[in-house]
Amino acid sequence: MLGSRVAGFARGLRSVALASLPGWRGRSFALARATGAPHGGDLQPSACPEPRGRQLSLSAAAVVNSAPRPLQPYLRLMRLDKPIGTWLLYLPCTWSIGLAAEPGCFPDWYMLSLFGTGAILMRGAGCTINDMWDQDYDKKVTRTASRPIAAGDISTFQSFVFLGGQLTLALGVLLCLNYYSIALGAGSLLLVITYPLMKRITYWPQLALGLTFNWGALLGWSAIKGSCDPSVCLPLYFSGVMWTLIYDTIYAHQDKRDDVLIGLKSTALRFGENTKLWLSGFSVAMLGALSLVGVNSGQTAPYYAALGAVGAHLTHQIYTLDIHRPEDCWNKFISNRTLGLIVFLGIVLGNLWKEKKTDKTKKSIENKIEN
């Protein structure tokens, strides 16, 4: 029975062009938005099972489809087949960990791995919470009717038990950090639980998503340093929130008509035809905050070069955006993974560049002493 339902849903999904985002609409979310990635959790187009005989694929969707059938509904529930939401949750963590590295050193690879694991678990937990809250909404929308809870593949009780397992594993990851970071990480749980509800009461659910998805910008630094430096962590967190408002507003334009029909709210509906103006303002705020981060953390030329590339990326993204074409909104949305990686690369190279400056400074001081 489960196999026939999955096959039926797969055939139905062939006509669907886009999936949903984690966390704030009645159809999807990830963590995430923290989530989901950012809206309801489905942060990338739905993937159909590959027919037998096709070349083996290592994509996330193919891995989930090749898993034992009893496990597949749970893997889909945590959006393991749609990893873009996990990326958008994870990248602010990498920025913070990279900034906290010693001058001339690469980021702590152990911490990057630990936070990567935590991002998968917490994004999955956020999606599970979202689908539990929104199962009645999901049943009314063709694209989300195939979600495990809405489709009846997993009961509410089973999803609750599964959520407990994910949060337990995430707690195990958190306990690997220092006491300050444990307390800080625990403080984000309220956001994780409540942000899926914001789409019901405010036109700014993307802001709630941003506050949730970018908590790692605070946690990554404290995991390395033992506490947060407000001069670096707060502007970094703010820049991440602005970034989420940009990409999740773009994403929201894909489903604004459905949101109106089922009574959900979003910044896409709030901004309407003025969306590009708002996105431009968020972009300026994001770049300004990242510049302040660079000044306060003593960043070097590669970092500011990366910010220039980010500015060009945002300019092109907003200038060419067509809010009335869902496929264009999707393409612009997923391009933000590249943007986040550019910031991380700039942080790493900028930190390595500090060593060269330090060596030059040491040699200059030694020469003065010798003279």
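The values are calculated or read from the model by the stated rules, or taken from the named source; none is laboratory data. What you see is a predicted model, and the numbers here were worked out from it, not measured in a lab. Don't worry about glycine lacking a Cβ; one is built from the backbone with ideal geometry, like all the others, and counts go over all protein chains shown. All accessible areas refer to the heavy atoms of the entire protein, side chains included, with ligands and DNA or RNA removed. Shrake-Rupley method; radii C 1.70, N 1.55, O 1.52, S 1.80 Å.
Only one residue in C176, C233 is farther than 30 Å from D259 by Cβ, modelled with pLDDT of 95 or more and not in a helix (DSSP H, G or I). Which one? Testing whether each residue is farther than 30 Å from D259 by Cβ, modelled with pLDDT of 95 or more and not in a helix (DSSP H, G or I) leaves just C176. Checked against (1) within 28 Å of G226 (Cα to Cα); (2) outside any helix (DSSP H, G or I), T144 passes all but a single condition, namely (1).
Residue by residue, here is whether (1) at pLDDT 90 or above; (2) out of contact with any Ser or Thr (no Cβ under 7 Å at 6 or more places or on another chain); (3) under 26 Å from E102 (Cβ atoms); (4) among the charged types (D, E, K, R) holds:
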{"position": "N331", "(1), (2), (3), (4)": "yes, yes, no, no"}
{"position": "T338", "(1), (2), (3), (4)": "yes, yes, no, no"}
{"position": "L352", "(1), (2), (3), (4)": "yes, yes, yes, no"}
{"position": "T358", "(1), (2), (3), (4)": "no, yes, yes, no"}
{"position": "E366", "(1), (2), (3), (4)": "no, yes, yes, yes"}
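When the stretch 110-163 is limited to residues that are more than 18 Å from T194 (Cα to Cα) and of a type in the set (K, R), the one that is surrounded by the most Cβ atoms within 10 Å (Cβ to Cβ) turns out to be R147.
When the residues of the stretch 179-193 are narrowed to those that are of a type outside the set (A, V, I, L, M, F, W, C) and assigned to a helix (DSSP H, G or I), which ends up most open to solvent (accessible area, probe 1.4 Å)? Going through the qualifying residues, I end up with Y179. Looking only at residues of the stretch 54-109 that are acidic (D, E) and open to solvent by 60 Å² or more (accessible area, probe 1.4 Å), we find that the one that is farthest from L184 (Cα to Cα) is E102.
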